[in-house]
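Peer 1: So that we are looking at the same thing, I have put the structure below in structure tokens.
What follows is calculated from the coordinates using simple rules that are stated; it is not laboratory data. Just so we're clear, the structure is a prediction, and the values are computed from it rather than from any experiment. A quick note on method: Cβ atoms are made from the backbone with ideal geometry, for glycine too, and the neighbour counts reach across all protein chains shown.
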Amino acid sequence: MSIYPPGFEPFETRMLAERLPELFINNFAVYYGQLLAGDDGLIAEGDIEGVDELLDAAKLSTSLHSLGQMAAGRTVMIKLNGGLGTSMGLTAAKSLLVAKNGLTFLDIIARQTIRAGSPLILMNSFATEEESLAVLKNYGDLPGKLPLSFLQHKQPKVLVNDLSPADWPADRELEWCPPGHGDLYIALETSGLLAAMLAHGYEYAFISNADNLGAVLDPSILGYMVANQFPFLMEVADRTVADRKGGHLARRKDGQLILREIAQCPAEDLAAFQNIERYRYFNTNNLWLHLPTVGAILKARDYRLGLPMIRNRKTIDPRDPSSPSVYQLETAMGSAISVFEGAAAIRVPRSRFAPVKKTDDLLAVWSDAYVLTPEYHVVLQAERGGIPPTVELDSTHYRFVGSLDKHFPFGAPSLLNCSSLRVEGEFVFGRGVSVNGDVLFRNLNDDCMPVPAGLIVRDGTWPNGDESKQKETGSIAEVGLV
């Protein structure tokens, strides 16, 4: 008698044909069964409450820093590296983008881990594996004797109309989707990497996104985890209006911490979800794991961790809104906070959450507002007081990395003293442009407008009338040439 839910056989056949491991197929079957049962994966407002106070990482003692330094040799760094950066027009791993000083994200990450003395492991997708490992071949002094990568699984998309496997002969790859980064735990097991880490004496893992260069191994936080024997520790930061749609930390009525993503929020609770005073903290996706506990829980649960399901409705071809609707059944890595008894969260500064999701973010990192330290940490310049510049680029002209190179041929303008930069319309920036305060570049014409080399703009809109007159009168937009 089949252990799988009704209608699962076609999914099993496809997944076996792709040589996907049985443990992963079993897990997917559980979520498919939930879908059949009408489980929408939603977490209602009435079942949870906000989290008021958390320990601040800035207040951790020096003794915890020393304890963390001693534990660094028993800690691995895992980077989620499956993304292609398609939203920025990329067809390769996003981590292969140049981030700072001619170094790619992956170059910087490799050098960080060499400095920290902890092994680096990438969780790759099939699309990022080969190119990423080619980069790491340049770093023969990476610590440890573990494999440099393991692969995220893939799973079938589910047709909304009859809950059968998606069928798209025009492009068979579009019939498949990633299972979300919650796949990390099963992928560690099926790849044999969890067993290898434990066999080599590693006890802890620090996990973060490859596009978040603020996520470096912090000995104080590691020491806090070691001292308190946490099985799972999530780094969270204060929510702002800009974070209101991201996953937030909450607490169940029984006191257990949970993570709720916006796809898990009922429509009628959306206003409460976005209330940053009620839900004060968002998940940075920087997580710390106690590896022996992960292994024990997986075994005790028959390798079905039971992470909350996220039911994402999309079209089978994301570029074609008329293509059939599908469900992608996903899980979030951070949602394991609800599975590990004794799991905790810690408040961290915004500097530990600096992901590059759009070209806006990339231009800011390229600029002099950020500096690459000798330890290969990308940090804000000290004079900025921990506050990054806000960059908003017109998506019509600057959405893709190639267009960013075209419009900023000499690199980013100076944003050292910039509070916010908005660019509306098409410009090409000359060398040595400096943006100070709150500045809007606006071009209402169809032609691309050149921004003169050496231009200095302070608090206002450019262009704003005659440049020489602006300099003479000291108008709102003080514009000058160096």
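Peer 1: Distance in nm between label sites at ASN26 and ASP56, each 7 Å beyond Cα in the beta-carbon direction?
Peer 2: The modelled label-to-label distance comes out at 4.6 nm.
Peer 1: Moving to a separate point now. If one computes the Cα centroid of region 227-261 and of region 373-400, what distance in Å separates the two points?
Peer 2: If we compute the Cα centre of each part, the gap is 25 Å.
Peer 1: Could you give each residue of region 322-331 its phi-based ³J(HN,Hα) in whole Hz, using Karplus coefficients 6.51, -1.76, 1.60 with θ = phi - 60°, and x for Gly or Pro?
Peer 2: 8, 6, x, 6, 9, 9, 10, 8, 10, 9
Peer 1: What ranking do 144-152, 27-35 get when scored by the average of other Cβ atoms within 10 Å per residue, highest first?
Peer 2: 27-35, 144-152
Peer 1: Next question, about the same structure. Grab every C-alpha pair in region 359-481, bin the distances at 10 angstrom width from 0 up to the longest one, and report whole percents.
Peer 2: All Cα pairs considered, the percentages come to 13, 46, 32, 8, 1.
Peer 1: A further question on this structure: For a footprinting-style exposure proxy, rank SER118, SER322, SER338 by other Cβ within 10 Å, fewest first.
Peer 2: SER322, SER338, SER118
Peer 1: In addition: Sum -39500 (n - 2.57) across every DSSP H segment of at least 4 residues in the chain, then divide by the residue count to get the 222 nm mean residue ellipticity, nearest 500.
Peer 2: Rounded to the nearest 500, the figure is -6500 deg cm²/dmol.
Peer 1: Something else now. Would you calculate the volume per residue, in Å³, of the smallest convex hull containing every Cα atom of the chain?
Peer 2: 171
Peer 1: If you don't mind, another one. Considering Cα pairs under 8 angstrom that are at least six residues apart, work out the relative contact order of the chain and quote it in whole percent.
Peer 2: 16
Peer 1: For region 380-456, which trypsin sites (Lys or Arg not before Pro) pass both filters: DSSP loop (anything but H, G, I, E, B) and at most 14 other C-beta atoms within 10 Å?
Peer 2: Here the sparse-neighbourhood loop sites are ARG431.
Peer 1: Pairs of alpha-carbon atoms within less than 8 angstrom and 6+ residues apart define the contacts here; what relative contact order does region 213-329 have, in percent?
Peer 2: 25
Peer 1: Which of the three applies to region 90-163, rounded, prolate or oblate, going by the alpha-carbon gyration tensor with a ≥ b ≥ c and a/c under 1.5 meaning rounded?
Peer 2: Cα axes put region 90-163 in the prolate bin.
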